[in-house]
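Below: the structure, in structure tokens.
The values are calculated or read from the model by the stated rules, or taken from the named source; none is laboratory data. Keep in mind it's a predicted model, so treat the numbers as computed, not measured. A quick note on method: Cβ atoms are made from the backbone with ideal geometry, for glycine too, and the neighbour counts reach across all protein chains shown.
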Amino acid sequence: MEPIPMRKPLIAGNWKMNLDRHAAIVLANAIAEAAEKIGNVEIAICPPFVYLDVVRQALGNSVVALGAQNMSPEPSGAFTGEISAGMLKDVGCKYVILGHSERRHLLGETDAFINTKVHAAIAAGLLPVVCVGELLADREAGKTAAVVGAQLEGSCAGLSPEQMAEVVMAYEPVWAIGTGKVASPEQAEEVHLALRKMISDRYNSQTAERVRIQYGGSVKPSNAAELLSQPNIDGALVGGASLRAEDFLGIVAGVK
């Protein structure tokens with residue numbers, strides 16, 4: 001049996017619907033320049049669709065990967081306003097965020113719909129970052145494990161063990177996204193460990209040990225090191241703090 005490789009932490013910046021063209025280029029340049037001196041972590045940035053190409057040009061041959069914030073499950077056709085996986089590959093994307101809580105809860109995306117995107121992304125050669133997370137009411141009712149387990153099961157249905165091993169999971173408690181609240185390292189680790197056990201039960205321990213599980217939810221330089229030191233937290237999906245190079249790189253520096 002092949003040895004299980006170490007999971008290389010992934011710090012990804014989700015810029016959401018922010019910045020303009022000039023600011024996107026300046027931010028990408030700053031991150032790319034600093035990333036050349038960092039070897040123990042993978043870095044990705046996910047700008048709005050309209051800036052993907054200029055950000056890719058700004059990144060040049062740097063080690064920073066490009067990601068998108070969403071995609072359509074359809075390969076092409078009369079789907080006004082949608083972006084396909086092939087288009088994302090064409091502009092240089094490596095990653096795509098799928099099932100973010102803002103799309104689940106603001107735009108009504110279901111696990112089944114997200115699952116069609118996951119399959120389309122993998123078929124096109126993109127690495128999906130699949131987001132799961134509970135509402136505050138779920139946590140207070142003791143339903144965290146059940147909620148994230150159902151999201152994992154539904155969003156990743158039908159994947160082979162080999163395909164699942166390439167998926168990045170992102171645990172983002174909805175109550176901690178953009179609120180300034182953050183799950184304690186112990187709370188986050190508990191859910192990450194539970195997710196890894198669910199993957200192991202569904203597939204096998206080798207697959208579970210390969211899957212990277214990020215934490216997201218008000219991550220900032222001041223709390224990054226403690227969160228990222230947990231054994232089952234394999235990086236961070238960063239929102240607001242990814243819009244300033246100093247803050248984002250401060251989080252990257254939290255990886256030991």
Candidates A241, A224, A188, A183 - the one that is in a helix (DSSP H, G or I) and out of contact with any strand residue (DSSP E or B) (no Cβ under 7 Å at 6 or more places or on another chain): A241
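From the list A150, A121, pick out the single residue that is hydrophobic (A, V, I, L, M, F, W, C) and outside the structural domain of D201 (by TED's automatic domain parsing). Break it down into steps so the answer makes sense when it comes.
Working: A150 fails: outside the structural domain of D201 (by TED's automatic domain parsing).
The match here is A121.
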Conditions (1) within 20 Å of A188 (Cβ to Cβ); (2) part of a helix (DSSP H, G or I): number failed by M164: (1)
Members of segment 85-95 found to be in contact (Cβ under 8 Å) with a residue 40 or more places away in the chain and either buried (at least 18 other Cβ atoms within 10 Å of the Cβ) or on the phi > 0 side of the Ramachandran plot (or both), listed by number: A85, G92, C93, Y95
The listed residue being of a type in the set (D, E) and in contact with a Phe, Trp or Tyr (Cβ under 9 Å, 6 or more places away or on another chain), out of E134, E42, E33: E134
Residue in segment 172-199 that is surrounded by the fewest Cβ atoms within 10 Å (Cβ to Cβ), counting only those that are of a type in the set (A, V, I, L, M) and closer than 13 Å to G149 by Cα: L193
Single residue of segment 152-163 satisfying the filter (closer than 18 Å to H100 by Cα and touching a helix residue (DSSP H, G or I) at 6+ places or on another chain (Cβ under 7 Å)) that is surrounded by the most Cβ atoms within 10 Å (Cβ to Cβ): S155
Residues of segment 105-115 satisfying the condition of being farther than 19 Å from I213 by Cα and crowded, with 16+ Cβ neighbours inside 10 Å: E109, F113
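Going by the structure shown, is R21 closer than 30 Å to G149 by Cβ, modelled with pLDDT of 95 or more and out of contact with any Gly (no Cβ under 7 Å at 6 or more places or on another chain)? Before you say what the answer is, go through the steps one by one.
Details: closer than 30 Å to G149 by Cβ: no; modelled with pLDDT of 95 or more: yes; out of contact with any Gly (no Cβ under 7 Å at 6 or more places or on another chain): yes.
When the stated conditions are applied, R21 does not pass them.
So, in segment 171-204, how many residues would count as being among the acidic types (D, E) and within 19 Å of V129 (Cα to Cα)?
To start, the set of residues in segment 171-204 that are among the acidic types (D, E) comprises 172, 186, 189-190, 201.
Still in the running and within 19 Å of V129 (Cα to Cα): 172, 189.
Going through segment 171-204 one residue at a time, the tally reaches 2.
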